[in-house]
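Reading through the structure tokens given below for one structure.
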Amino acid sequence: MNTVINNTSIVLKLQYKNSSFLFTGDAQPRKQNNILGNASVKNLIAYDTTNNKPRIQVLDVMHHGNSNNDFDKDEYTYTGSSGDRDFYKAIIPTFAIVQCGTDHSSAGVPRPKVINDLSSSTVYTTKESGDIEIVTDGSAITNNNFTLKNGTRTHKNIYSKVLSPEPSCHIGYFCSDCGMRVKTEVNHTVGKNETTAVISNADHYNAGVVGHYCKYCGELMGTTTTSVIPHNVASTKTTASATLTTTGVKTSYCSCGAVVATSTISKVTSKSIYKGKKVTLKSGTSGKLTWSSSKKSVATVSSKGVVTGKKAGTTTITLKKNGKKVGTCKITVKNPTLKVSKTSVSIKKGKSTKVTATPTPSGTVKWSTSNKKIATVSNGKITGKKKGSCKVYAKCNGVTKTIKVKIK
């Protein structure tokens with residue numbers, strides 16, 4: 001065959017309303033690949049997988065049904081595939097017509113492999129059916145549109161059988177008169193004779209997709225979906241702080257970053273602090289603001305809302321805006337505490353022991369000794385220097401604890 005000349009064939013699509021035809025001439029695989037490689041052209045002829053219907057109803061099979069595979073050493077058996085398989089599989093026409101008269105008998109066309117590759121289509125050949133006429137009013141093409149001029153060559157007494165050595169899911173339909181396979185059906189049923197594989201995993205926004213593949217031929221039979229993964233609460237943050245005059249917002253986030261829920265934080269109406277500590281109250285408003293404390297001996301408040309604890313007790317902080325009360329906050333002042341693990345220790349000269357101190361609220365504990373010659377202390381570790389007695393002190397937040405020390 002002259003591949004260069006064949007590849008100059010005009011490939012023509014004819015569309016009349018809902019009837020569509022594709023005439024391919026003698027186009028070889030190189031030209032076929034160029035056609036399929038052009039996305040805009042491919043979208044005019046390739047099978048519509050989204051709507052599950054062909055864009056080409058009738059295909060004029062290229063090159064009289066030759067396999068177009070110069071390297072095919074097994075053209076005359078029913079195994080393998082033709083050189084045009086990718087093109088046929090991309091189009092999947094409803095009907096395929098092979099023009100191969102008696103003058104093509106010596107060429108052995110149509111090749112069985114071509115018929116194999118058109119397994120999803122109904123195939124007619126002029127070799128068996130004579131001239132074929134298709135009349136359409138623009139409706140989708142069916143068998144009723146076909147007129148086979150040579151009635152003696154129409155296929156009849158069709159019988160079916162599972163193909164071998166082809167995959168067991170392929171069923172061939174043969175003419176009992178001439179023996180030709182007129183079509184092939186694929187028996188694919190999701191849930192039977194299948195293997196499955198995940199095509200895409202589900203996430204918090206999209207359902208997952210599982211592919212169901214025929215265990216015989218490996219083709220995708222269909223897909224099922226897995227549920228969208230519900231959002232989980234992975235973290236919660238205060239996204240707007242509450243003040244004396246405004247509520248706040250608490251936001252819960254999923255691990256994917258999406259907002260799962262929000263909740264309202266009530267206005268600030270009470271606070272607890274320790275003696276000697278400070279807390280800043282936020283007004284949540286602007287204008288001429290004044291702050292006051294009902295018991296300054298318990299806690300004072302600055303012009304900027306900074307409250308300082310003076311002694312244990314309660315007091316009410318009042319916020320006024322332009323002379324009008326807009327908010328109050330009850331302040332409870334607590335005495336800080338300091339707990340030590342031991343109140344007395346007895347160790348030998350040269351030895352050490354550890355005393356821990358727990359302050360509330362937290363803070364830095366300062367350690368000291370009444371006599372460094374008898375015992376030293378560092379971060380609660382007491383070390384004996386010589387025989388005698390002394391005291392070790394732990395101090396934090398204005399509270400002091402005493403540990404009696406005896407060195408033997």
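The values are calculated or read from the model by the stated rules, or taken from the named source; none is laboratory data. Please read these numbers as outputs of a predicted model, since none were measured by experiment. Please note: Cβ atoms are built from the backbone with ideal geometry, for glycine as well, and neighbour counts cover all protein chains shown. Areas reflect the complete protein model, heavy atoms only, side chains present, ligands, DNA and RNA absent. Shrake-Rupley method; radii C 1.70, N 1.55, O 1.52, S 1.80 Å.
For the reader, a short list of remarks on this structure follows.
- Whole-Hz ³J(HN,Hα) from phi, Karplus 6.51 cos²θ - 1.76 cosθ + 1.60, for region 48-57, glycine and proline x: 7, 6, 5, 9, 6, 8, x, 8, 10, 8
- Peptides 272-282, 255-265 ordered by average Cβ neighbours within 10 Å, highest first: 272-282, 255-265
- Taking all protein chains into account, the per residue accessible area for the chain stands at 56 Å² (1.4 Å probe).
- Violating pairs (Cα-Cα greater than 29 angstrom) within the set K277/K386; K310/K404; K342/K385; K311/K373: K277/K386; K310/K404; K311/K373
- Computed FRET value (nearest 0.05) for N322 with H204, which takes r as the C-beta separation and R₀ as 45 Å: 0.40
- What the phi angles of region 246-252 give under the Karplus curve with 6.51, -1.76 and 1.60, with θ = phi - 60°, is a coupling list of 9, 7, x, 10, 10, 10, 9 Hz, glycine and proline written as x.
- Computed [θ] at 222 nm, helices only, for the chain once each DSSP H run of length n ≥ 4 contributes -39500 (n - 2.57): -2000 deg cm²/dmol
- Listed values (i) -0.84, -0.96, -1.18; (ii) -0.94, -1.09, -1.34; (iii) -0.68, -0.83, -1.42, entry calculated as log10 I(q)/I(0) by the Debye sum over Cα atoms at q = 0.10, 0.11, 0.14 Å⁻¹: (i)
- Against the criterion of solvent-accessible heavy-atom surface with a 1.4 angstrom probe, K31, K351, K267 sort, most first, into K351, K267, K31.
- Here the gap between S227 and T195, fully extended at 0.36 nm per residue and compared with their Cα-Cα distance, gives a gain of 9.5 nm.
- Cross-link partners for K17 among the lysines, with Cα-Cα distance under 25 Å and sequence neighbours closer than 8 places in the same chain left out: K42, K53, K89.
- Estimated distance in nm for a label pair at S266 and T236, the labels positioned 7 Å out from Cα along Cα-to-Cβ: 1.5
- Database remark: amide H of A27 closer than 5 angstrom to the amide H of H63 (H placed geometrically; neighbours at sequence offset of 5 or more, or on other chains; Pro and chain starts carry no H).
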